[in-house]
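Note sheet for the following structure.
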Amino acid sequence: YGICYFARTSRGGFSLIGNRTLSGRFINIDRLELAIIRKLIATTEPDMGCLLSKEFMQSKVISLQNWLDGEASAGKLIGAKVYLHPTLNNVENYRNGEWHIVIGFAGYSPNEHMVYHLREDVGIVKAWLEEVL
């Protein structure tokens with residue numbers, strides 16, 4: 001698992017080296033997840049006590065999808081898909097006032113490993129020799 005620390009760079013100054021948390025996940029993915037959670041907390045409380053009608057449930061899914069689409073348009077994540085959970089939204093849970101929304105999301109990975117492949121290309125030499133001769 002990686003760590004992050006501030007180190008001197010070859011260009012002078014300091015830079016954050018490392019992109020992972022102690023769990024091994026990328027920092028920006030953890031932060032993205034926390035940003036989504038903060039949004040959910042902020043938008044959930046005012047709706048407590050609303051009736052779980054079809055229109056209410058669909059409006060919450062659409063609202064979350066629109067917000068995440070906006071975040072994706074701003075370049076903060078690759079994309080997201082919001083939908084009602086197909087098995088956890090059952091009669092027993094519904095009668096208990098419980099319903100489940102799934103938020104699938106994908107964030108960008110940081111440029112952690114840039115790999116270059118160098119290979120000598122004989123075709124370039126051959127083409128050059130044909131041009132010279």
Of (1) open to solvent by 40 Å² or more (accessible area, probe 1.4 Å); (2) closer than 17 Å to Pro110 by Cα, Lys39 fails just (2)
Over segment 13-31, the set of residues over 23 Å from Glu71 (Cβ atoms), open to solvent by less than 50 Å² (accessible area, probe 1.4 Å) and out of contact with any strand residue (DSSP E or B) (no Cβ under 8 Å at 6 or more places or on another chain) is Gly13, Gly24
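Every residue, every condition in (1) touching a residue at least 60 places away in the same chain (Cβ under 8 Å); (2) in a helix (DSSP H, G or I), yes or no:
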| position | (1), (2) |
| --- | --- |
| Arg11 | no, no |
| Asn28 | yes, yes |
| Ile37 | no, yes |
| Ala42 | no, yes |
| Lys60 | no, yes |
| Leu64 | no, yes |
| Glu71 | no, yes |
| Ala80 | no, no |
| Thr87 | no, no |
Residue set Lys54, Lys76, Lys81; condition more than 30 Å from Tyr5 (Cα to Cα) and touching a helix residue (DSSP H, G or I) at 6+ places or on another chain (Cβ under 9 Å); output residue Lys81
Restricted to segment 89-102 and to residues being in contact (Cβ under 8 Å) with a residue 40 or more places away in the chain and not in a loop (DSSP other than H, G, I, E, B), the residue least open to solvent (accessible area, probe 1.4 Å) is Ile101
With criteria (1) modelled with pLDDT of 95 or more; (2) within 28 Å of Gly18 (Cβ to Cβ); (3) surrounded by fewer than 13 Cβ atoms within 10 Å (Cβ to Cβ), Phe105 comes up short on (3)
Taking segment 42-87 and the residues there that are at pLDDT below 95 and among the β-branched types (Val, Ile, Thr), the one that is least open to solvent (accessible area, probe 1.4 Å) would be Thr43
Taking segment 110-131 and the residues there that are open to solvent by 100 Å² or more (accessible area, probe 1.4 Å) and at pLDDT below 90, the one that is farthest from Ile27 (Cα to Cα) would be Met114
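The values are calculated or read from the model by the stated rules, or taken from the named source; none is laboratory data. Every value quoted in this text rests on a predicted model; they were computed, and no experiment measured them. For neighbour counting, all protein chains shown are included, and Cβ atoms are generated from backbone atoms with ideal geometry for every residue, glycine included. Remember, those area values only see protein heavy atoms, side chains included, never the ligands or the DNA or RNA. Shrake-Rupley method; radii C 1.70, N 1.55, O 1.52, S 1.80 Å.
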